[in-house]
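Where a number appears in this text, it was derived from the coordinates with a stated rule and is not lab data. On a predicted model such as this, the values are computed, not experimentally measured, just so you know. Don't worry about glycine lacking a Cβ; one is built from the backbone with ideal geometry, like all the others, and counts go over all protein chains shown.
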């Protein structure tokens, strides 16, 4: 028990002085930090000052009994594992202790090896719990939340529709260009539904091998085909009770479209190689960047399947059509890359924000996320500046076509010069319309006027 990971903070409560003396010495020998108390009153005071991993409590004590201490601990320290120790042990006491949430029950005279063993089990449980919590934090940092970021009119419409649709079991079809966040919208629908505590299973139909699509979705029995050495659940079955998200739905061939339609109509799954079907309860959310209506006209997508998956339709706007969302979206993405809950408002310099808003983002949010990951790595961790952004972003102007100002000079520019160059180019783009310029740059109109006045004053001073 010498390992630091196995060291516990132990509360020991007993009214017999010889036992307290022995346990103080032995708990230290086992490698634990022990707090020794002679009665329930002292134990309650210790609980006010310290937290404990485990507590060994004598049930029968004058004044406050062990039961009183346990009742108080369940209110103020429910995470502490309780071990009952009493010389008046009985089956009834053991049952009552376990019902009150005790971890274990020891009778006096208690062998030290029994104490050591039960504390060792608690230490192992604590280690496992900590690993689980750490893993959950890591996964959260990678996945982020399903919250939809943006307050532009187009995103507000998406949010309202998601909130309306989520509580139902209706099929949803999400349309949008690659990288607009279709899976995030599907996850948000799941998280706001009654199925939130059940599985959310995402399947990229375009990434599945053509000869294994049916097996991946519906499962197979052992020996169903060459290589099927073990029976396997299909992803539809894995999602039972929850939500199945079928991304790139338009990539399924006609044969699989028929099988998917049959499942949607009956709710039944039949594994490859089996004759009997079984029912699953799954909500279907689909997405595609292709025009399914046009595919129906061409004959490459079944019309009946189109109507089945298109009970509700959500169209995600490309990022270039909601540039007012870029500043807040960029801060959110930076926080995700930094594995923080949120980024500071100053993490992006005004010049960097202007460049981000000027870029066309053909890859949408996914491209923005990649650009900001690049910037986070190169930045000082305090502020992201234009030089931290990828060349594809930093060398473009607000007008979108001219090379960025840095390449127009044979000397390094100051941040103020970069800022004013971007402002001037944005003014040119909007034919000196200052409200539109301020809106595109993501700053208040008053701030724009202040910057222009500062620039004018500086120019006059240099000229004089």
note = Most exposed first, judged by fewest Cβ atoms within 10 angstrom, 361, 67 run 67, 361
ask   = Can you give me the Cα centroid spacing of region 239-279 and region 294-372 in angstrom?
value = 29
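Using 0.36 nm times the number of residues separating residue 366 and residue 128, minus their current alpha carbon distance, what extension gain do you get?
Net length gain for the segment: 82.2 nm.
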query = Do you know the relative contact order of the chain, to the nearest whole percent, from alpha carbon pairs under 8 angstrom that are 6+ apart?
reply = 11
query = What percent do you get for the relative contact order of region 4-140 when only Cα pairs under 8 Å and 6+ apart count?
reply = 22
request  = Based on other C-beta atoms within 10 Å, arrange 20, 357, 254 from fewest to most.
outcome  = 254, 20, 357
Rg and Dmax [Cα atoms of the chain; Å; Rg one decimal, Dmax integer] = 31.9, 99
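Kindly state, to the nearest 0.05, the FRET efficiency for residue 98 paired with residue 196, given R0 = 30 Å and r defined as their beta-carbon distance.
Numbers: r = 32 Å, r/R0 = 1.08.
In this case the efficiency is close to 0.40.
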query = By how many degrees, between 0 and 90 and to the nearest 10, does the Cα long axis of helix 415-429 differ from the longest principal axis of the chain?
reply = 50
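Using just the helices of the chain, give the 222 nm mean residue ellipticity in deg cm²/dmol: DSSP H runs with n ≥ 4 each add -39,500 (n - 2.57), and the total is spread over all residues, rounded to 500. Don't jump to the answer; show the numbers that get you there.
Values: 19 runs with 217 residues, N = 464.
Here the helix-only value at 222 nm equals -14500 deg cm²/dmol.
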note = Longest principal axis of the chain (C-alpha) makes with the long axis of helix 445-463 (C-alpha) an angle, in degrees to the nearest 10, of 60
request  = Give me the distance in nm between label points sitting 7 Å out from Cα along the Cα-to-Cβ direction at residue 178 and residue 229, one decimal.
outcome  = 3.5
query = For region 153-317, what relative contact order do you get, as a whole percent, if you take Cα pairs closer than 8 Å and at least 6 residues apart?
reply = 34
ask   = Contour minus end-to-end for residue 293 and residue 445, with contour as 0.36 nm per residue of separation and end-to-end as the Cα-Cα distance?
value = 50.4 nm
note = In degrees, nearest 10, the alpha-carbon axis of helix 182-191 is tilted away from the dominant principal axis of the alpha carbons of the chain by 40
query = Tell me, what is the Rg over Rh of region 4-140, with Rh the Kirkwood radius over Cα pairs?
reply = 0.97
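Just subtract the alpha-carbon distance of residue 168 and residue 307 from 0.36 nm times their residue separation and send over the number in nm, one decimal. Please report the intermediate quantities before stating the final value.
Values: separation 139, 0.36 × 139 = 50.04 nm, distance 1.74 nm.
Here the segment from residue 168 to residue 307 would lengthen by 48.3 nm.
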ask   = Which FRET efficiency, nearest 0.05, do residue 41 and residue 147 yield, Cβ-Cβ r, R0 56 Å?
value = 0.70
task = In nm, give the distance between the simple-model label positions of residue 433 and residue 29, each being 7 Å from the Cα along the Cα-to-Cβ direction.
result = 8.5
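What does the convex hull of the alpha-carbon atoms of region 153-317 project to on average, in nm²?
Values: hull surface 38.3 nm².
Orientation-averaged projected area of the Cα hull: 9.6 nm².
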